[in-house]
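Peer 1: Encoded as structure tokens, here's the structure I'll be asking about.
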Amino acid sequence: MHRNIFVSLRLGLLSALVISFVQLSLAAIRPSFSLAYCSWHATDIVLVEVTQKPGVFRAIESWKGDVKTGNLVTVPELQPPTGAMEIDAYPNEFADILKGGLNEQIPGQRVGSQMVLFLKKAPETSSDHWKPADLFGEMKASAVWTDGGHLYAFLQPMNPGPSVLAPWDMSLDKMKDRIREIRRIQLELVKVTAIEDDAARAEGLKVYVRSDVFEAQQLALSDLGKSGPKALVKIRELLSDPAFADEGAALVKHLLRPEANRSEKNWIGVYKNN
């Protein structure tokens with residue numbers, strides 16, 4: 001009996017430690033710019049230039065959405081604090097970047113400096129109010145700054161650690177190309193998921209199960225789980241294909257989720273009978 005109590009106490013303590021560790025880890029996560037996530041979830045992606053009025057930008061090019069060239073885009077959250085330093089005054093050595101401090105602030109910028117904004121329309125408010133596209137809902141993690149031909153974004157280089165403005169290793173042209181590629185994939189998936197025939201939809205989703213765009217991959221996996229018994233031939237093909245070995249667990253997970261009034265038991269039964 002004493003042994004059972006001791007074992008129970010050990011298991012309880014272990015569970016408490018695991019939960020505490022997970023909570024601490026999650027609490028330490030800070031906003032960090034993600035090109036794929038922001039490109040996928042933004043309604044508007046705009047190359048802008050800084051104007052004389054803090055927090056107000058002029059559109060140069062629209063890479064997604066309907067903001068017109070020359071339009072003013074107001075984002076008060078991106079207004080630099082009083083006395084903000086320009087990016088060239090920020091630390092550039094990795095050890096200094098990790099310390100945080102100055103580089104945790106939005107930098108000061110000269111009029112005409114360029115930025116790329118990843119924004120979401122806020123239809124419940126005025127037409128000129130924008131929300132951030134970032135996962136954490138942080139506007140400073142929904143923007144990319146340019147300085148001297150280099151790009152900068154707010155990242156969390158180390159966890160635990162602050163979210164700091166740090167160099168981002170990509171050119172503006174390559175970023176624009178990547179955004180267009182993600183947009184193309186997004187539009188293609190809209191068409192594929194609209195296909196009514198389950199087998200045909202599963203065939204169309206196959207290529208996106210291994211997409212390097214996480215959001216596209218998750219949408220494809222989720223929709224495969226809703227594709228019905230007619231899609232099982234294609235799904236079995238994916239599960240038996242070594243090229244999809246890394247996605248196997250995710251495929252099974254989505255398949256076994258009860259969807260559209262299909263229970264897990266029904267799915268397994270249909271799978272065994274095919």
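Peer 1: Examine the stretch 91-106 for a residue that is touching a Cys at 6+ places or on another chain (Cβ under 7 Å) and open to solvent by less than 30 Å² (accessible area, probe 1.4 Å), and state whether such a residue exists.
Peer 2: Among the residues of the stretch 91-106, not one is touching a Cys at 6+ places or on another chain (Cβ under 7 Å) and open to solvent by less than 30 Å² (accessible area, probe 1.4 Å), which makes the answer no.
Peer 1: Identify the single condition in (1) more than 15 Å from residue 155 (Cβ to Cβ); (2) of a type in the set (A, V, I, L, M); (3) touching a Gly at 6+ places or on another chain (Cβ under 9 Å) that residue 98 does not satisfy, given that it satisfies every other one.
Peer 2: Status for residue 98: all satisfied but (1).
Peer 1: Also, I was wondering about something else. Quick check on this structure: which one of 142, 62 is within 29 Å of residue 29 (Cα to Cα), polar (S, T, N, Q) and within 21 Å of the chain's Cα centre (by Cα)?
Peer 2: Residue meeting the stated conditions: 142.
Peer 1: Only residues that are basic (Lys, Arg) and either modelled with pLDDT under 85 or open to solvent by less than 40 Å² (accessible area, probe 1.4 Å) (or both): list them for the stretch 185-222, please.
Peer 2: Once the filter is applied, which keeps residues that are basic (Lys, Arg) and either modelled with pLDDT under 85 or open to solvent by less than 40 Å² (accessible area, probe 1.4 Å) (or both), the stretch 185-222 yields 201, 206, 210.
Peer 1: Sticking with this one: Counting only residues that are more than 13 Å from residue 115 (Cβ to Cβ) and among the basic types (Lys, Arg), how many does the stretch 35-64 have?
Peer 2: Matching residues across the stretch 35-64 total 2.
Peer 1: Filter the stretch 72-90 for residues that are open to solvent by 70 Å² or more (accessible area, probe 1.4 Å) and without any contact (Cβ under 8 Å) to a residue 60 or more places away in the chain and give the result.
Peer 2: Once the filter is applied, which keeps residues that are open to solvent by 70 Å² or more (accessible area, probe 1.4 Å) and without any contact (Cβ under 8 Å) to a residue 60 or more places away in the chain, the stretch 72-90 yields 72, 76, 79, 82, 85.
Peer 1: A follow-up question, please. Check the stretch 30-44 and report whether any residue there is part of a strand (DSSP E or B), modelled with pLDDT of 90 or more and surrounded by 15 or more Cβ atoms within 10 Å (Cβ to Cβ).
Peer 2: yes
Peer 1: If you don't mind, there's one more thing I want to ask. Scan 69, 43 and give me the residue that is free of Cβ contacts under 8 Å to residues at least 12 places away in the same chain and in contact with a strand residue (DSSP E or B) (Cβ under 6 Å, 6 or more places away or on another chain).
Peer 2: Exactly one residue qualifies, and that residue is 69.
The values are calculated or read from the model by the stated rules, or taken from the named source; none is laboratory data. Source: prediction; values computed, not measured. We place every Cβ from the backbone using ideal geometry, glycine too, and count neighbours over all the protein chains shown. With ligands, DNA and RNA removed, areas are computed over all heavy atoms of the protein, side chains included. Shrake-Rupley method; radii C 1.70, N 1.55, O 1.52, S 1.80 Å.
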